[in-house]
Amino acid sequence: MSREPRFRRSSRQLAAVLAILPAFALAACSKAPAEKAENKRPVLVAEVHYTPESPARSFVGTIKPRIETDIGFRVTGKVAKRLVEVGQTVDVGQALAILDEVDLKLQAEQAVAELSAATGVLAQASAAEGRASELRSKGWSTQAQLDQAKAAADEARARLNRAERSVELTKNSLSYATLLADTRGVVTATLIDAGQVVAAGQTAIRVARFAEKEAVVAIPETLVGRAKDGVATVSLWSEPTRTYAAKLREIAPNADASTRTYLAKFSLPDAGDSVSLGMTATLTLSDPTTARIARVPLSALFSQGNGSSLYVVDDAGAVALKPVTVKSYETKDVLISGGVEEGAKVVVLGVQKLDPAQKVHVVSALTF
C-alpha cells in the first residue's frame, strides 16, 4: 500500500482548520452580550418599611355593661312568682317578680279603717271645740275648758293626717309587691325563686343596662400613660374586621396584687346591638405622636465623612446613593427616619465596593 505524502496531509488539516475558524468567530460574537450581562454585580437588597417608633400594643379584654344594677323589693315578703330568666331582655316598667300580696292588702285595709276612725274623731273634736268656744264667748265656760277642747281637736287633726299618710304608704307598699325594671337591659342574674322569703332591699334580679357598653382590660404599669393619652380602638373576635372607637373612662388607682396590672375600662359609644355582653375583645393602644422609622441592617449604611447614605436599586438595576436621616443605632440595625421612600430596595452588603455608574443584579441570597 502506498503512503500519502506528509505535505498533502498537512495541507488538508490546514484547510479544515481554516474552514471552522468562521464558526468560532461567530460563536465568540454571539457570547459577547452574555459575557457583558454577566459583568453585573449581584447584590443583596432589603425593602424599606416605615413603622411607628412606639408600636401599637394589643390586650385581650371583655365586653361588659357600664351600669349593672341589682334590683330588689322595697318591702319584705314571700316571692309568689318570678317572671324573667337569665339572658332575657327587659324594657322599662316590665314586671320581673311578684310578692304574695295578702299581708300587704290587709295592711292597706287596716290603714283605710284607721283613716275612717280618725275622720270620725276629728268631727267630734271639732264640734266640741265649737261648743266650748261659744260657751266661753257667753261667759258660761272657763278658758281652761276651751283650751282643752282645742287641744283635743288639734290631736284629732294630727291623727287624721297620720292616717292619711298611712293609707298612702300602704298603697305604695302594695305597689312595691311587683318588682319593675327601671331601665332597658338584659337580665344577668336571678337570685330569687318562687316560695323564697326576701327582705326589703335584698338583691333579687341583676339587670345590665343597654345604654352604654365598655371593654375591660388589664394594663401593665409601663403602658398606663399611653392608656390615658393614646388612641384606643376595640375589635371583637367574632368580627375582627370592624373596629370601634374607645375612650378611657376609668382606671384602677392600685395595681392588682398578683398580676401587677391596672384594671382599665374603655367606653364604647358606637357599640350597637351586635356587640353582646361577655364577648371577647382586643383593645389596641397606639401613640399618635410617635415618629415613623425604618429598620435596615447596619451593613447597608454608607458613609465617607459627609453624612450617612444608602444605595437604592431601581427596577433596571441602576443604583443611586441617597442621604438618609439616622434616628439611632442598634447592635445589628440602624433606624432611619427619612431619606428613602417606603418600599425602596437598598443594598445591604458590599456597599463600599459599589459604583453608582455600575449596573447590579438583585438576588434573593448570596451563594459562595
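Within segment 270-310, the residues that satisfy the criterion of being within 14 Å of residue 325 (Cα to Cα) and open to solvent by less than 50 Å² (accessible area, probe 1.4 Å) are 291, 293, 294, 296, 300, 301, 302, 307, 308, 309, 310.
Pairing each residue of segment 82-104 that is in contact (Cβ under 8 Å) with a residue 40 or more places away in the chain with any residue that is aromatic (Phe, Trp, Tyr), provided the two are 6+ apart or on different chains, yields C-beta distances under 7 Å for 99/73.
A count restricted to segment 103-161 and to residues that are of a type in the set (Lys, Arg) and loosely packed, with under 12 Cβ neighbours inside 10 Å stands at 1.
The residues on offer are 34, 15, 23, 80, and the sole one that is over 35 Å from the mean Cα position of the chain (by Cα), modelled with pLDDT of 75 or more and over 30 Å from residue 341 (Cβ atoms) is 80.
Can you say whether residue 256 is closer than 14 Å to residue 244 by Cα and assigned to a loop (DSSP other than H, G, I, E, B), as far as the supplied structure shows? The answer is no for residue 256. Going through (1) at pLDDT below 90; (2) open to solvent by less than 50 Å² (accessible area, probe 1.4 Å); (3) among the hydroxyl-bearing types (Ser, Thr, Tyr); (4) in a helix (DSSP H, G or I) one by one, residue 170 falls short only on (1).
The values are calculated or read from the model by the stated rules, or taken from the named source; none is laboratory data. All values reported here derive from a predicted model rather than from experimental measurement. For neighbour counting, all protein chains shown are included, and Cβ atoms are generated from backbone atoms with ideal geometry for every residue, glycine included. For the accessible areas, the whole protein counts, side chains as well, though only heavy atoms, and no ligand, DNA or RNA atoms are used. Shrake-Rupley method; radii C 1.70, N 1.55, O 1.52, S 1.80 Å.
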